[in-house]
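**Q** Here you go, one structure.
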Amino acid sequence: MLIREIFLSIYGLCAGGLIAASFLAFLSMIGVVPRLAALTKSIKYARIYEDCIAAGGILGTAVFIYHWSVPLGYPLLIIFGLFGGIFVGCLIGALAEVLKSLPIFSTRIKLQDGIQYSIYALALGKMLGCYLQFFIF
């Protein structure tokens, strides 16, 4: 039993490290983390942002493999969900900024006024999708 736990620990850390490294390489390749840090005027913390993304990938993989329970229950899950949503929202915003997807989208559909409504619709769709996934299904 001890050998199995040691093997799973090593496997979890290696898998988390691989996932975090590939995700961070993808974000670094397209320049999302430096762009997000520049937009928030915290470029001196860009390395800390990258370290936190890597640690989140490793910890997420370990939680997935070992099925750890949350010690404080729902309050901690609410806080985690809030920060996870903020991270995903900032990541999507920075990715859209880097890829210039909204200006291309607006010129393709010939949208002159009301780009803010498109952004609100995207955010509302994301929120509704998360609500349906977590509370309905």
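**Q** In whole Hz, with x marking every Gly and Pro, tabulate ³J(HN,Hα) for the stretch 40-54 from phi via Karplus 6.51 cos²θ - 1.76 cosθ + 1.60, θ = phi - 60°.
**A** Rounded to whole hertz, the list is 8, 6, 9, 5, 5, 9, 4, 5, 5, 4, 5, 5, 5, 5, 5.
**Q** Have a look at 52, 14, 64 and report the one farthest towards the positive end of the charge dipole of the stretch 1-66, computed about the Cα centre with Cβ charges (Lys/Arg +1, Asp/Glu -1).
**A** With unit charges placed on the Cβ atoms, the residue in question is 52.
**Q** Something else: Give, rounded to the nearest 20 debye, the magnitude of the charge dipole that the chain has about its Cα centre when Lys and Arg contribute +1 at Cβ and Asp and Glu contribute -1 at Cβ.
**A** So the magnitude is around 340 debye.
**Q** Could I ask something else about it? List the extent of the Cα atoms of the stretch 1-96 along each of their three principal axes, largest first, rounded to whole Å.
**A** Per principal axis, max minus min of the Cα coordinates gives 49, 31, 22 Å.
**Q** With point charges of +1 on the Cβ of Lys and Arg and -1 on the Cβ of Asp and Glu, referenced to the Cα centre of the chain, which listed residue (105, 73, 84) lies farthest in the positive direction of the dipole?
**A** Result: 105, furthest along the dipole toward the positive end.
**Q** Which percent of the accessible heavy-atom area of the stretch 24-98 goes to carbon and sulfur, probe 1.4 angstrom?
**A** 76 percent
**Q** Among the lysines, which have Cα under 21 Å from the Cα of residue 110 when same-chain residues fewer than 8 positions away are ignored?
**A** Qualifying lysines at Cα under 21 Å: 100.
The values are calculated or read from the model by the stated rules, or taken from the named source; none is laboratory data. On a predicted model such as this, the values are computed, not experimentally measured, just so you know. Cβ coordinates were reconstructed from backbone atoms using ideal geometry, including for glycine residues, and neighbour counts include every protein chain displayed. Each accessible area value is taken on the protein alone, full model and side chains, heavy atoms only, with ligands, DNA and RNA left out. Shrake-Rupley method; radii C 1.70, N 1.55, O 1.52, S 1.80 Å.
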